[in-house]
Structures are given as structure tokens and as C-alpha cells.
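These notes concern the structure reproduced below.
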């Protein structure tokens, strides 16, 4: 691991702490909403229990793919920050992450899925398809200008219990730095 990757590894530990505080902040805010107000919190933004977060981080320039799941049989607030990894390690790293046991689950008939044409047999197939999309997306990474201000630029609902958030820039620098200064 080179010096830059070692420094980024420290950032990932801070990022993990920030994600936990973000979930806790969401929950305390959600708790005070009325039932009528809660109708406007969409499942793609929901961080209520049970909630697990898997961040897959590549760079520089930095991009993070954030899988947010709501699995009843996995610990609430299980947060994993994978990376940062250099892009040339993408295929092998994604292969390792795909082998995590938590992806091996059937899709409940009550789970709505956006993968109608794909018709996956289990959740691991959905994650695998997401990872293929990540590999395709990383092809453009060398041509991206580093972001001054990190941001979540897109969200995709995978099933009614899982979503993918796409972030550009180093979220650990932008958000975690503001957290340490009391801004979030």
C-alpha cells in the first residue's frame, strides 16, 4: 500500500464514523415526524432500522458506490467501508465483496424490484449486475476532474429493501471534515 492509499485508509475509518452519525441523525429527525410527514420520506432515502451500509470506494479521483440495505436478519448499523482502492483493482475487489454471505438471499415476493426484465433469482444476482455497472462506470474515471465539493449525485432503487447511491469526490474529506467542525 503506498503512502497516499495509507492516508486514505485513515479517511475510511473517519467516513465509517460519519456514516453512523448520519444514520443516527436521520433516525432522530424521522422520529419527530408525524405519520403524514413520514409519507414524504421515500424508501430510497430511508435509513431506519434495520439498515446496513456497504461503501465501495475507488480513486483518485474519488467515487463511492453506497449500497443501503434493510435486511431483517443482518445487524442494524452494520457499516462497511471497502477501500479506497485504485481502479486497476476493481474487478478483483468487487469479486471479493460479491462473495460476502449477506448477498446470498432470496428476493421476497413482497420486495418490489426494478429488475423486471432481468428477473433475478436472488439478491446476489442484483449485486452482481450492479458491480458490472460499476466496472463500466469506472472506465470514465480517468477523464473526470476531481470534485472540489463531494456530493451524492444519483440514487437508484434496487428493490424495496435496497438502494445504490453514487457519490463523486472524497466524501470522507468533505462531510467528515465538516462533522469535526460541528457543521453536520
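The values are calculated or read from the model by the stated rules, or taken from the named source; none is laboratory data. Remember, it's a predicted structure, so these values are computed and weren't measured experimentally. Neighbour counts are summed over all protein chains in view; Cβ atoms, including those assigned to glycine, are modelled from backbone coordinates with ideal geometry.
Some points to look at:
- Residue 61 vs. criteria under 25 Å from residue 14 (Cα atoms) and at pLDDT 80 or above: yes
- Tally of residues being at pLDDT below 85 and within 12 Å of the chain's Cα centre (by Cα) across segment 158-173: 1
- The residue that is farthest from residue 131 (Cα to Cα), among those in segment 78-89 that are surrounded by fewer than 20 Cβ atoms within 10 Å (Cβ to Cβ) and in contact with a helix residue (DSSP H, G or I) (Cβ under 6 Å, 6 or more places away or on another chain), is 79.
Listed here are the residues, each with its yes/no results for (1) surrounded by 18 or more Cβ atoms within 10 Å (Cβ to Cβ); (2) modelled with pLDDT under 90; (3) under 17 Å from residue 155 (Cβ atoms).
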| site | (1), (2), (3) |
| --- | --- |
| 5 | no, yes, no |
| 13 | no, yes, no |
| 67 | yes, no, yes |
| 72 | no, no, no |
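- Total residues in segment 117-128 satisfying the condition of being more than 17 Å from residue 160 (Cβ to Cβ) and loosely packed, with under 14 Cβ neighbours inside 10 Å: the figure is 2.
- Any chance residue 179 is surrounded by 12 or more Cβ atoms within 10 Å (Cβ to Cβ) and at pLDDT below 75: yes
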